[in-house]
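This report concerns only the one structure given below.
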Amino acid sequence: MTTARVTVMLAAAALVLAACGNAGGEGTANPGDQAAAPLATVTSTPAGSADPAATTTATPTALAFSATTLSGESFRGASLAGKPVVFWFWAPWCPKCRSEAPAVKAAAARFGDVAFVGVAGLDTEAAMKEFVQQTDTGDIVHLSDTKGAVWTKLGVSEQSTFVFMKPDGSTEKASGPLSQDSLDGHVRQLLGQ
């Protein structure tokens, strides 16, 4: 049996046991909780390698998505695995989103070790592009999520929402608008500062 198969089988068994042990019992997170445990992860060993040390970075299931940026490029959520990430969910017509755009732009410039990803939805791509141009937030990667797939993947149901993801895949959500100080505080917490 290869190392990859053993790893997958052990991970599947652990998930089954964890799910059975938490079925509505003590330790189950309330749906309203803002902080969440790390999302399930997938690890793999590169083909042809029997060395467990060659295992690649674990990818939270929340990052198992593909999207297109507003500039038309392909984007894979897995590219963010192992990094601190701030997801900013916004809509072009949202006044809260527009008001916090300067804070998001400033935080992205200030915290270079954090990936900032705007996730645009609830409107047309043309309106999304206009929002980015008007708010001068083009230095941030923005995903076109007209069908809400990324919103659903990360459990977001309203704009403006921020999802702060630690490198281990654990997340915390905050509803906007966030002031510059509040956003910076969340990012510092994300970085453990």
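Observations on the structure shown:
- Here is the list for the stretch 94-193: trypsin sites (Lys or Arg not before Pro) lying in DSSP coil, each with at most 13 other C-beta atoms within 10 angstrom of its C-beta, are 147.
- With all protein chains modelled, accessible area of residue 65 [1.4 Å, Å²]: 20 Å²
- Residue 158 accessible area, 1.4 Å probe, all protein chains in place, Å² to nearest 10: 90 Å²
The values are calculated or read from the model by the stated rules, or taken from the named source; none is laboratory data. Source: prediction; values computed, not measured. A quick note on method: Cβ atoms are made from the backbone with ideal geometry, for glycine too, and the neighbour counts reach across all protein chains shown. Note: areas computed on protein heavy atoms with side chains; ligands, DNA, RNA excluded. Shrake-Rupley method; radii C 1.70, N 1.55, O 1.52, S 1.80 Å.
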